[in-house]
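Only one structure is covered here, and it is reproduced in the block below.
The values are calculated or read from the model by the stated rules, or taken from the named source; none is laboratory data. None of the values given here were measured: they were computed from a predicted structure. Here the Cβ is made from the backbone with ideal geometry for all residues, glycine too, and neighbour counts use every protein chain on show.
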Amino acid sequence: MMSAAAPLVRIEGLHKSYGGVVKVLQGLDIEMKAGDRVVVIGPSGGGKSTLLRVLMGLEQIDRGSVVFGGKPYISADGSGKTTIDPKVRRSIGMVFQHYTLFPHLDVIGNLVLAPMKVRGEGKADAAARAMGLLTRFGLAQKANAYPAQLSGGQKQRVAIARALMLDPKLMLFDEVTSALDPELVAEVEQVILQLAQQQMPMVIVTHDMWFARNIASRVIFCAGGVVVEDGPPEQVLGSPKEERTREFIERVFHIKH
Ligand SMILES: Nc1ncnc2c1ncn2[C@@H]1O[C@H](COP(=O)(O)OP(=O)(O)OP(=O)(O)O)[C@@H](O)[C@H]1O
Ligand SMILES: [Mg+2]
């Protein structure tokens, strides 16, 4: 049983290294409520993508645990084996910085593939749901286009729609606009803001401070493999408590201006 107050995600003592040498996450503790939209910021190489990949069940971990919706999801006790519940993993969607659409399938084909394979959904049903999403995202007229025929912004919106086809309970976005031409950023951010209005829980890595301020219910500053600061956006972005956070924010703003 899951009480109303139970967190959606509870990350405890998460340690992750690559090859035992590059220690990336060094004891991360994060708790996320169902209504949270968490923006993760931090220095390059600080482990933001690694954290999202771990949450997506794509990485082995060294130690620690992730509990999702009250159920054990990922765990490792240091003996070298990571246990991941595949059923929980299927309830999480992720969109990456670089487009990951299947180039040989048209847009509809990209959207219906996983629901048909993973859930055994019928083609007509899946296609109808896909058209609904594409319409919502202003992409209905692109249903039969191939990825190579789309703009970067359109590709990312299709990637988001594709992830939504599996009815995720949590969405992870890793710098989904940073490879885009500036004029295409807003159309992708609008789609994510629309999901936020519908109360989709999400974890977002972004260097876009406007977007961070507008989407976040919480901002987490990660550096050196741990959470340095965690709070509401107006606090962490506006008047950070920690010197390291302040330095980072000033530097990022400076770069942007
Ligand atoms: N597959 C891998 N094998 C070995 N080391 C890796 C691998 N992936 C990432 N790393 C290392 O782990 C560290 C954290 O990388 P990660 O990509 O998580 O950082 P990040 O915070 O997302 O950085 P950025 O802001 O540049 O995207 C870096 O030192 C990186 O070189
Ligand atoms: Mg990254």
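Take the residues of the range 115-132 that are in contact with a helix residue (DSSP H, G or I) (Cβ under 7 Å, 6 or more places away or on another chain) and farther than 19 Å from Val188 by Cα: which is surrounded by the most Cβ atoms within 10 Å (Cβ to Cβ)? Break it down into steps so the answer makes sense when it comes.
Step one: list which residues in the range 115-132 are in contact with a helix residue (DSSP H, G or I) (Cβ under 7 Å, 6 or more places away or on another chain), which gives 115-116, 121, 123, 126-127, 130-131.
Filter once more, so that each one left must be farther than 19 Å from Val188 by Cα: 115-116, 121, 123, 126-127.
Details: Pro115: 21, Met116: 16, Glu121: 17, Lys123: 11, Ala126: 19, Ala127: 18.
Applying the filter and picking the extreme gives Pro115.
Looking at the range 142-154 only, could you name the residues that are assigned to a helix (DSSP H, G or I) and more than 20 Å from Met200 (Cβ to Cβ)?
If the condition is that a residue be assigned to a helix (DSSP H, G or I) and more than 20 Å from Met200 (Cβ to Cβ), then Lys142, Pro147, Ala148, Gln149, Gly152, Gln154 are the ones that fit.
Which of the following residues is surrounded by 16 or more Cβ atoms within 10 Å (Cβ to Cβ), more than 22 Å from Phe211 (Cα to Cα), touching a residue at least 60 places away in the same chain (Cβ under 8 Å) and more than 16 Å from ligand 2 (Cβ to nearest atom): Leu101, Leu14, Leu111?
That would be Leu101, the only listed residue that is surrounded by 16 or more Cβ atoms within 10 Å (Cβ to Cβ), more than 22 Å from Phe211 (Cα to Cα), touching a residue at least 60 places away in the same chain (Cβ under 8 Å) and more than 16 Å from ligand 2 (Cβ to nearest atom).
Might you let me know whether the range 133-150 holds any residue that is surrounded by fewer than 19 Cβ atoms within 10 Å (Cβ to Cβ) and among the charged types (D, E, K, R)?
yes
If you scan the range 118-135, which residues turn out to be among the charged types (D, E, K, R) and modelled with pLDDT under 95?
Once the filter is applied, which keeps residues that are among the charged types (D, E, K, R) and modelled with pLDDT under 95, the range 118-135 yields only Arg119.
Which one is farthest from ligand 2 (Cβ to nearest atom) among residues in the range 17-41 that are assigned to a strand (DSSP E or B) and free of Cβ contacts under 8 Å to residues at least 40 places away in the same chain?
In this case the residue turns out to be Glu31.
If you scan the range 196-212, which residues turn out to be away from ligand 1 (no atom under 13 Å from the Cβ) and either in contact (Cβ under 8 Å) with a residue 24 or more places away in the chain or part of a helix (DSSP H, G or I) (or both)?
If the condition is that a residue be away from ligand 1 (no atom under 13 Å from the Cβ) and either in contact (Cβ under 8 Å) with a residue 24 or more places away in the chain or part of a helix (DSSP H, G or I) (or both), then Ala196, Gln197, Gln199, Met200, Pro201, Met202, Met209, Trp210, Phe211, Ala212 are the ones that fit.
Taking the range 48-98, which residues are within 16 Å of ligand 2 (Cβ to nearest atom), under 20 Å from Gly225 (Cβ atoms) and loosely packed, with under 15 Cβ neighbours inside 10 Å?
Within the range 48-98, just Leu58 meets the criteria.
Of all residues in the range 213-236, count the ones that are closer than 18 Å to Gly46 by Cα and assigned to a helix (DSSP H, G or I).
Here the count works out to 1.
Report, ordered by the first and then the second residue, all pairs with beta carbons closer than 9 Å, sequence separation of six or more or different chains, a first member in the range 151-171 that is more than 24 Å from Glu183 (Cα to Cα), and a second member that is among the charged types (D, E, K, R) and modelled with pLDDT under 95.
That search, which allows pairs on different chains as well, returns Leu166/Arg90; Leu166/Arg119; Pro168/Arg90.
In the range 8-46, which residue that is β-branched (Val, Ile, Thr) and within 11 Å of ligand 1 (Cβ to nearest atom) is farthest from the chain's Cα centre (by Cα)?
By that ranking, first place goes to Val21.
Away from ligand 1 (no atom under 16 Å from the Cβ) and either within 18 Å of the chain's Cα centre (by Cα) or not in a loop (DSSP other than H, G, I, E, B) (or both), is that true of Ala159?
Yes.
Give the range 91-113 a look and list any residue that's touching a helix residue (DSSP H, G or I) at 6+ places or on another chain (Cβ under 7 Å) and part of a helix (DSSP H, G or I), or say none.
Residues satisfying the conditions are Val107, Ile108, Asn110, Leu111, Val112.
Looking only at the range 65-88, which residues are of a type outside the set (Lys, Arg), assigned to a strand (DSSP E or B) and more than 10 Å from Val9 (Cβ to Cβ)?
Scanning the range 65-88 gives Ser65, Pro72, Ile74, Ser75, Ala76, Asp77, Thr83, Ile84.
Six or more apart or on different chains, Cβ atoms under 9 Å: show the pairs whose first residue is in the range 42-65 and over 21 Å from Gly80 (Cβ atoms) and whose second is near ligand 2 (Cβ under 8 Å from one of its atoms) and part of a loop (DSSP other than H, G, I, E, B).
Final answer for the pair search is Lys48/Glu175; Ser49/Gln97; Ser49/Glu175.
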